[in-house]
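Everything on this sheet refers to the single structure shown next.
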Amino acid sequence: MTDDRFFYLAGRALSGEATPEERAELEENPEWKRIYTSLFVRRRPDPDEADRLAAQQAYAAHFVKMQLAGHFTEAPPGEPFAEAPAEPMIDTFDGAAEAAQGGDAWGPPARSQARQYAARSRVRWYAAVVTALLLGTGVWWALRDNTCKTCADTPPKSEIATRKGSRSRISLPDGSLVWLNADSRISYPDNFKGTKREVFLTGEAFFDVTKDAARPFVLHAGPVEIHVLGTRFDVRSYPREKKVETLLLHGSIEVTIRNQRKILLKPNQKLSVSTDNNEAPNKKTDTVSLGVGHPQVGDSSAIETLWVENKLAFESETLDVVAGDIERWYNVEVRIRNERLRTLRFTGVFEDQGLQEVMEALKLTGRFNYTIIGNKEVIIY
C-alpha cells in the first residue's frame, strides 16, 4: 500500500465521502490509523472557539470534496488558489507570451497555464492543503461520523485567481461573464440562491451582468459595494494603488462606500474612491472623485477597458501606476530607482508588443533610462 492511498482515504474520510469499506481499510493499517488519529483527532475546542473552528473545518471539508471531484489544479508554492480551475467555463490567456505570437486573446490558450494534476500529485496536494488549514487553527477535533454539520449552512464557493502575465474569462452560475485581469482574484457561490448575487473582487475585472430584477448583482471591492440588475462595467481595485475605480459602460449601477454614502453612476461615468488612510488622516470620509471615462478617438471603447481586447493602455497615468500595469502584463518586477520619476505621467496604447518595445517608447517620452535583467526585472533610473 502506498502513501497516495493513505492521502486518498484520509481525504475521503475528512470530507465525509468515505465508504464503510474505505474507512475499514484506513483503520486496519496500524501506521495509517496512528498518523490519521494524531493529525486529525485532537481535544474538543473550548466553547468560545467552536464557531470559528467549525467554520474553518467546514471550509476544509468542502475543499477536500472539491478536490476529490477534480475541480482544482496545481497551484504555485505557497498560493493554493493561484490558478484558475481548468473547466470549460473558464478560458485562460497568458498575455505576454500569446500576444507576441498573435494568439486569440480569450480563446483556449496555446499553452494552457491551467494544467490538471495527475491523480497522484493532486491527492498529495489537497492532503497537504487541508493539513495546513486545520493545523493553522491550533486546535483540531474529529468530524463526528466524518460529516460536517455546518456545511449545509455554508454555500460552496469558487475562488479564481490569475497570475501576473495571464488573464481569464469566466462564466458565473447566472450566465454573467467576467473578464479577470492579471494578478486578480474573484470569489462567488457555486450557485446564486437567495435574494442577491454576491461576488468579491481583488484586482481588476470587466463584468457583463445578466439581468435578473429579482436578484440584484452585488460586487464587493475594498470599501466599495456595487449594486446592479444588469449592465456592463469595469472595476479596478489593486491594493497597491490604494484606490477603487469603477467605470460604467452600459446601464446603471449604484455604488455604496463603506455602507454609507451612495452614488448612482450613468454610462461613461467613472468613480474613484481613495483607500489610502495616510492621504487624509484627519478626515472621516473617503476621498471620492466622479469623472468620465477616456474613450478612444473614433472608437466606442474606453481606454480603461482595452485590456479586455489584449491591449496594454493607460491615459495620463503616473509612472508608478504604469509600472504596476507592466508588472502584471509581462510578469516582471519593476523597480523605480529615482523617486522623482514616479509622478511623471504617460499615455499609450500597446498591442502585441514586447516588454522591450514598451519600455523604449516610455523612455523616449519620459526621458529616463532602464535596464531589463533576464526578462524578470526592470530597473528604471
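The values are calculated or read from the model by the stated rules, or taken from the named source; none is laboratory data. Because the structure is a prediction, the values reported are computed rather than measured. Here the Cβ positions follow ideal geometry from the backbone for every residue, glycine too, while neighbour counts run over all protein chains shown.
Quick rundown of the values:
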| quantity | calculated |
| --- | --- |
| Verdict on Ala323 being closer than 15 Å to Glu241 by Cα, of a type in the set (Gly, Ala, Ser) and out of contact with any helix residue (DSSP H, G or I) (no Cβ under 6 Å at 6 or more places or on another chain) | yes |
| Candidate set: the stretch 178-205, residues that are surrounded by 15 or more Cβ atoms within 10 Å (Cβ to Cβ) and more than 13 Å from the chain's Cα centre (by Cα); chosen: the one modelled with the lowest pLDDT | Phe192 |
| Failed condition for Leu362, given (1) in contact with a Leu (Cβ under 6 Å, 6 or more places away or on another chain); (2) surrounded by 18 or more Cβ atoms within 10 Å (Cβ to Cβ) | (1) |
| Sole residue being of a type outside the set (S, T, N, Q), over 20 Å from Ile303 (Cβ atoms), at pLDDT 95 or above and crowded, with 17+ Cβ neighbours inside 10 Å, chosen from Ile326, Ile336 | Ile336 |
| Filter pass, Val288 being in the same structural domain as Thr256 (by TED's automatic domain parsing), touching a Ser or Thr at 6+ places or on another chain (Cβ under 8 Å) and either within 30 Å of Ile257 (Cβ to Cβ) or at pLDDT below 95 (or both) | yes |
